[in-house]
Each structure stands twice: as structure tokens, then as C-alpha cells.
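> What follows is a single structure, and I will ask about it in a moment.
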Amino acid sequence: MATPLVIDTDPGIDDALAILLALASPEVDLRLVTTVHGNVELAQTTQNALRVLHLAGRSDVPVAAGARESLVYRQPERAGHVHGEAGLGGVKLEPSPAVPDARPAVVVLAELLMAAEEPVTVAAIGPWTNIALLLATHPEAAERIGRLVLMGGSAARGGNVTAAAEFNVWADPEAAQRVLGSAVPTVLVGLDVTLPTVLDDDGVARFAAAGPVGATAAAVLQQYLDHARTTYGTTGVVLHDALALTEAIAPGTLGTVRRDVVVDTTLGAGRGQTLVDRRAVSGSPTAVDVAETVDSAAAVEFLVARLEALARSRL
Ligand code: BDR
Ligand code: CA
């Protein structure tokens with residue numbers, strides 16, 4: 001039986017890859033995509049989510065738009081310099097015939113959770129504003145989340161948008177604190193495991209050669225690759241969101257330790273930092289499973305093989 005899955009996302013190049021990975025994975029049944037502000041503005045992340053689903057021939061998956069802004073302070077800047085002004089690396093995907101659900105994402109998500117007969121996995125790979133709103137407005141629905149897999153934060157690697165903060169947490173630190181302070185069973189997939197997980201040119205070439213869907217995914221990745229090379233000197237694409245999806249699809253992919261985590265919500269230089277208490281394993285009900293170890297080569301191979309198969313199936 002496939003596990004029901006919801007992806008909360010701000011596509012975003014690596015978000016697009018993560019959505020394709022979920023669609024390529026029989027272990028999960030993607031039931032809903034909710035969108036959030038983040039890499040680009042909400043209207044664009046919603047349009048991008050629709051188009052990525054359509055690219056894979058899955059415009060039947062419902063999309064609902066969520067928070068346009070962060071909870072308290074407006075996110076200071078977007079990430080168009082990383083993902084391209086329209087969020088998909090300058091590639092114009094074909095418009096989808098589908099339209100978003102007219103209702104707010106939290107309403108659609110709450111309805112799905114209350115109606116689900118089995119526990120639902122929710123993978124949140126943009127700022128966590130929608131999840132914080134769900135906890136505040138529909139706590140009875142949030143309680144029914146089987147597993148919440150969050151991409152964001154960092155225990156020992158510092159930040160990627162400031163010296164202290166990772167992008168998804170920095171984009172809405174108050175929401176992040178609300179989410180990490182909840183009792184929902186949570187896995188935190190942060191920079192400690194994503195930064196070493198790099199997809200190189202050879203991997204990209206494999207799915208690019210497998211058919212038009214793979215070739216389009218490779219074209220979308222190009223801007224991200226160029227940015228990574230010039231900014232960080234890395235030899236490929238860091239798989240932040242796709243690694244979180246891999247853990248959502250195949251629980252136990254990452255080595256985790258239960259830790260207490262709080263978010264710096266002050267307005268100083270540490271804003272958005274995740275303070276992970278690594279002194280001890282925690283027994284607190286609000287502790288989260290922090291991903292600390294990864295077999296990066298295996299995770300990259302998992303993604304490449306799945307995308308190759310998806311591209312072939314769409315020939
Ligand atoms: C996160 O920030 C975004 O730009 C990526 O899509 C990913 O979710 C990595 O810090
Ligand atoms: Ca993202």
C-alpha cells in the first residue's frame with residue numbers, strides 16, 4: 001500500500017525535482033500539493049507547481065495555494081538569483097490545463113487529513129508558514145499527520161542565506177518555531193545532510209538522455225548548477241528538497257537522533273538559526289528526529305534512477 005503524501009512547496013528548482021521524485025516513487029501516493037511563498041512569490045510558486053505536475057502527466061494531482069507571506073515579518077528577499085526570476089531557472093514549462101483549488105491550502109490540507117483512512121506523510125520543503133497555520137487553525141487535523149518531514153535548518157553547518165540561518169527557516173522563523181515546538185512526529189532534514197548530497201553532471205546527463213521529461217528537468221537544473229559553481233565552487237547541484245523527499249518516500253534513509261530544537265526569532269544576526277541541542281538524546285514530546293548522517297552517493301543514485309525511469313515511462 002502506498003503511503004498518502006502531501007508536498008508543501010515553493011518551486012523552486014530543487015522543489016521541482018522533489019515533486020518529480022515523488023511522482024516517480026510507487027511507495028507514495030501524492031494526493032495534494034500545497035504552495036507557499038519562498039523562493040519566489042506565491043502566485044509564481046503555485047503556477048510552477050501546476051506546470052511541474054503537468055510536465056509529468058499528473059495534472060490530476062490537486063494544488064492549493066497557501067500563505068503569501070510569512071507570519072510576522074515580511075521575508076526580506078526572495079531567491080530569484082538562485083532559482084531564476086520565475087523560479088524554474090528561466091525554463092518556461094508548458095501551462096497546465098488544471099487550476100488551483102479555490103480554497104486556502106490549510107483548509108484543503110485539513111480536509112484531506114481528516115478524511116484520510118491511514119496516516120499521511122507531509123513533506124514541507126519551502127518556508128513552514130502553511131504548517132504553522134494548520135497547527136493554529138486546525139490542530140485536530142495536524143494531529144493526524146503520520147510523519148512531518150521538514151527540509152530546513154542546520155545543526156552544525158551554519159547557514160546558507162546568512163551566517164546563521166538556512167533559507168526555509170530564515171524565510172519565516174516564527175512559523176518554524178511553532179512547527180518545531182509541536183508534538184507532530186517530525187524529521188528535520190537540514191544542511192548537515194543536504195550539503196554533502198550533490199548531483200553531478202553525469203547524473204543529470206543520465207536522466208536527460210532518458211526522454212523529454214528528463215531533458216526538461218535537466219534544463220531547469222542548469223541555472224542552479226551555474227549558481228552553485230560560481231557561488232560555492234561545488235561541482236553539482238545540492239539536493240536539499242529531493243533528499244527530504246527521499247526520507248519521506250523511504251523512511252530511515254537518513255540516520256536521525258531525537259533532539260530538542262528551538263529557532264532564534266530575535267531580530268539580530270542569529271535570526272532564523274536552528275539551535276539543536278546536541279548534548280543529549282531528548283525524551284521530550286516536542287523533540288524532533290534530526291537527520292545527522294546520510295549515504296549521499298546512495299541518495300543521489302536513488303534520485304537519478306527514479307528520474308530516469310519516470311522519463312522513460314513518458315516517452
Ligand atoms: C532550501 O531553500 C530553498 O531555496 C530550496 O528550495 C530549499 O528548500 C535550501 O536551503
Ligand atoms: Ca524549497
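Every read-out reported here was derived from the displayed coordinates using simple, explicitly stated rules and does not represent laboratory data. These numbers were taken from a predicted model, which means no experiment stands behind them. Cβ: placed from backbone, ideal geometry, glycine included. Neighbour counts: every protein chain shown.
> Which condition number in (1) away from ligand 1 (no atom under 16 Å from the Cβ); (2) within 16 Å of the chain's Cα centre (by Cα); (3) of a type outside the set (D, E, K, R) is the one that ALA110 fails?
Exception for ALA110: condition (2).
> Output the residue which, of all residues in region 73-103 that are touching a Ser or Thr at 6+ places or on another chain (Cβ under 8 Å) and of a type outside the set (Ser, Thr, Tyr), is surrounded by the fewest Cβ atoms within 10 Å (Cβ to Cβ). Before the answer, list the steps.
Of region 73-103, the ones touching a Ser or Thr at 6+ places or on another chain (Cβ under 8 Å) are 87, 91, 93, 96-98, 100.
Then drop every residue that is not of a type outside the set (Ser, Thr, Tyr), which leaves 87, 91, 93, 97-98, 100.
Values: GLY87: 28, VAL91: 20, LEU93: 19, PRO97: 8, ALA98: 17, PRO100: 20.
Among those that are touching a Ser or Thr at 6+ places or on another chain (Cβ under 8 Å) and of a type outside the set (Ser, Thr, Tyr), it is PRO97.
> Let me confirm something: among THR3, THR34, which residue is surrounded by fewer than 22 Cβ atoms within 10 Å (Cβ to Cβ) and more than 13 Å from ligand 1 (Cβ to nearest atom)? Can you show your working first?
Numbers: THR34 fails: surrounded by fewer than 22 Cβ atoms within 10 Å (Cβ to Cβ).
Of the residues listed, the single one that is surrounded by fewer than 22 Cβ atoms within 10 Å (Cβ to Cβ) and more than 13 Å from ligand 1 (Cβ to nearest atom) is THR3.
> Output the number of the condition that THR293 fails; it satisfies all remaining conditions of (1) under 20 Å from the mean Cα position of the chain (by Cα); (2) surrounded by 14 or more Cβ atoms within 10 Å (Cβ to Cβ).
Result: THR293 fails condition (2) only.
> Scan (1) under 24 Å from LEU221 (Cα atoms); (2) away from ligand 2 (no atom under 14 Å from the Cβ); (3) in contact with a helix residue (DSSP H, G or I) (Cβ under 7 Å, 6 or more places away or on another chain) for the single condition ALA124 breaks and write down its number.
(2)
> Hey, among GLY214, GLY190, which residue is surrounded by 20 or more Cβ atoms within 10 Å (Cβ to Cβ) and more than 15 Å from ligand 2 (Cβ to nearest atom)?
Numbers: GLY190 fails: more than 15 Å from ligand 2 (Cβ to nearest atom).
One residue alone meets the criteria, GLY214.
> Please go through (1) small (Gly, Ala, Ser); (2) part of a loop (DSSP other than H, G, I, E, B); (3) in contact with a helix residue (DSSP H, G or I) (Cβ under 7 Å, 6 or more places away or on another chain) for ALA22 and return the number of the only condition it doesn't satisfy.
Here ALA22 clears every test but (2).
> In region 73-107, which residue that is out of contact with any Pro (no Cβ under 7 Å at 6 or more places or on another chain) and at positive phi is farthest from ligand 1 (Cβ to nearest atom)?
Of everything passing the filter in region 73-107, GLY90 is farthest from ligand 1 (Cβ to nearest atom).
Residue-by-condition table, conditions (1) touching a strand residue (DSSP E or B) at 6+ places or on another chain (Cβ under 9 Å); (2) surrounded by 18 or more Cβ atoms within 10 Å (Cβ to Cβ); (3) not in a loop (DSSP other than H, G, I, E, B):
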site	(1), (2), (3)
ARG147	yes, yes, yes
ALA156	yes, no, no
ASN160	yes, yes, no
ALA165	yes, yes, no
GLN177	yes, yes, yes
SER182	yes, yes, no
LEU199	yes, yes, yes
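The rows are residues; the columns are (1) closer than 21 Å to THR9 by Cα; (2) buried (at least 20 other Cβ atoms within 10 Å of the Cβ); (3) in contact with a strand residue (DSSP E or B) (Cβ under 7 Å, 6 or more places away or on another chain).
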site: ALA244; (1), (2), (3): yes, yes, yes
site: LEU267; (1), (2), (3): no, no, no
site: VAL276; (1), (2), (3): no, yes, yes
site: ALA280; (1), (2), (3): no, no, no
site: THR286; (1), (2), (3): no, no, no
site: GLU301; (1), (2), (3): no, no, no
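> Of everything in region 247-272, what is out of contact with any Leu (no Cβ under 6 Å at 6 or more places or on another chain) and within 14 Å of ligand 1 (Cβ to nearest atom)? Give them in sequence order.
ALA248, GLY272
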